[in-house]
1. In deg cm²/dmol, rounded to 500, what helix-only [θ] at 222 nm does the protein assembly as shown give when every DSSP H run of at least 4 residues adds -39500 (n - 2.57) and the total is split over its residues?
2. Share of Cα-Cα pairs in the protein assembly as shown beyond 41 Å, in percent?
3. Compare the Cα positions of A:Ala184, B:Cys116, B:Leu138 along the charge dipole of the protein assembly as shown (+1 at Cβ of Lys, Arg; -1 at Cβ of Asp, Glu; about the Cα centre) and return the one farthest towards the positive end.
4. Towards the positive end of the charge dipole of the protein assembly as shown, with charges on Cβ (+1 Lys, Arg; -1 Asp, Glu), say which of A:Ala166, B:Ser71, B:Leu174 has the farthest Cα.
5. Considering amide H positions built from the backbone, and no H for Pro or chain starts, which residues 5 or more places from A:Glu32, or on another chain, come under 5 Å of its amide H?
6. With loop defined by DSSP as not H, G, I, E or B, and exposure as at most 12 other Cβ atoms within 10 Å, which is the longest segment of chain A clear of exposed trypsin sites (Lys or Arg not before Pro)?
7. Please give the total accessible area that chains B and A bury against each other, computed with a 1.4 Å probe and expressed in Å² to the nearest 100.
8. Using the Karplus curve 6.51 cos²θ - 1.76 cosθ + 1.60 with θ = phi - 60°, what ³J(HN,Hα) values do you get for each residue of the range A:171-183, in whole Hz, with x for Gly and Pro?
Amino acid sequence: MATSAVKVYGWAISPFVSRALLALEEAGVDYELVPMSRQAGDHHRPEHLARNPFGKVPVLEDGDLTLFESRAIARHVLRKHKPELLGTGSLEQAAMVDVWLEVEAHQLSPLVIAIALECIFTPFLGRERNQAVVDENVEKLKKVLEVYEARLSKSKYLAGDFFSLADLSHFTITHYFMATEYAALVEALPHVSAWWEGLAARPAAKKVAEFMPVSTAWASKKHE
Amino acid sequence: MAMKVYGPAMSTNVARVLVCLEEVGAEYEVVPVDMTTGEHKSPAHDARNPFGQVPAFQDGDLILYESRAISKYILRKGGSDLLRESNLAESAMVDVWLEVESGHFSSTMSPIIFQCLVVPFLGGETDTKIVQENLEKLKTALGVYEARLSRFKYLAGDFVSLADISHFPAAYYLLGGSHASVLDAYPHVKAWLAEVMDRPSVRKVVELMKLPSA
């Protein structure tokens with residue numbers, strides 16, 4: 001049996017690594033996850049720096065091609081195997097996919113990551129949750145989510161009435177966010193909430209969610 | 001009807017879009033948005049960019065925002081080869097280095113530009129700690145760029161792409177500002193940037209960036 005042509009290097013608990021895995025799952029591509037240890041500093045070793053000079057995960061190897069940056073990896077996987085998820089073939093659809101991918105990257109994710117980091121990951125970082133940081137990002141997030149609600153009131157998915165990488169790219173980071181008490185911000189918005197549930201119900205998303213376990217027992221709550 | 005770009009040319013994100021329009025030789029109009037009076041937060045602008053930012057872009061009925069999304073649309077429509085989308089390996093490398101530009105170069109340059117140019121313009125005092133922190137991050141990134149550009153002529157490979165050109169707006173401010181000497185330690189980066197800045201499209205947009213803006 002030939003080894004998988006596609007390899008992903010990293011720890012799947014990372015929403016960035018799992019973004020790459022999600023694209024592969026959605027495209028139905030066989031792959032091998034090569035586990036790495038963050039604690040052991042595998043990403044700083046020379047063999048990893050040869051793959052990603054920024055020393056980050058994920059890295060994808062597809063034949064002769066070595067890629068890093070999770071959104072670039074996801075684009076490549078879909079361009080190769082499911083270009084309709086990039087809106088390929090229609091200038092306008094491709095543009096709308098790109099717009100909402102950029103929105104995810106620049107407008108939403110920084111806020112969601114900051115909140116999830118404080119609420120879920122500070123125990124691992126050996127420090128206390130910074131509620132001021134949470135509050136600041138929550139205020140900004142409320143405004144951004146209003147834009148999403150308005151958008152999803154007009155179209156079924158973010159780029160239009162077709163599912164795309166723009167939607168998919170939100171899953172792994174939002175998965176963690178939805179384990180915090182601030183999930184209520186999403187639940188309060190009917191269209192965003194329905195869109196999220198649809199996204200999370202996809203077989204590929206369910207598969208990848210298993211790589212990112214979040215126990216509400218250890219997600220730190222405000223008054224504990 | 002000419003394509004419209006809403007926002008001041010001196011904004012790095014607006015400039016990125018303008019250079020792509022120049023690359024494909026498209027007919028376009030720059031519509032001023034007066035950020036000093038908060039026009040970017042007005043209902044009229046909100047209808048074009050619900051995040052209250054510049055640029056916004058209009059081509060007929062299509063309204064777009066986010067400069068890198070707009071840039072790709074313009075290049076595709078104009079038949080440019082700067083995205084290499086007919087080649088899987090090449091387009092993947094363009095995507096990788098566009099992410100790097102966004103996440104490592106422009107993200108560190110943005111607070112430096114803000115502190116060194118915008119804050120004094122608004123009558124405030126530059127926070128040198130923020131500038132220094134980001135200069136250190138920039139140097140780390142430039143080290144990676146230097147290694148890359150020692151092996152390849154351009155970032156995505158031996159062909160110029162949007163990944164290279166997308167650096168020009170932040171590079172323009174770096175080269176024209178008080179921290180330009182940070183590039184001296186990275187000769188391949190310096191030479192690569194000089195070549196990017198020498199493109200006719202970039203020279204044209206630099207002239208627009210220098211105009212007293214609306």
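The values are calculated or read from the model by the stated rules, or taken from the named source; none is laboratory data. Since the model is a prediction, treat every value here as computed from it, not as a measurement. Neighbour counts are summed over all protein chains in view; Cβ atoms, including those assigned to glycine, are modelled from backbone coordinates with ideal geometry. What goes into the accessible areas is simple: the full protein's heavy atoms, side chains included, and nothing from ligands, DNA or RNA. Shrake-Rupley method; radii C 1.70, N 1.55, O 1.52, S 1.80 Å.
1. Details: 22 runs with 219 residues, N = 438.
Only helices count here, giving -14500 deg cm²/dmol.
2. Tail fraction, whole percent: 13.
3. Among A:Ala184, B:Cys116, B:Leu138, the one farthest towards the positive end of the dipole of the protein assembly as shown is B:Leu138.
4. With unit charges placed on the Cβ atoms, the residue in question is B:Leu174.
5. Those qualifying (amide H under 5 Å, at least 5 residues apart or on another chain) are A:Val6, A:Lys7, A:Val8.
6. Longest run free of exposed loop sites: A:1-126.
7. 2700
8. Using θ = phi - 60°, the values come out as 4, 5, 6, 5, 3, 5, 4, 5, 8, 8, 5, 7, 3 Hz.
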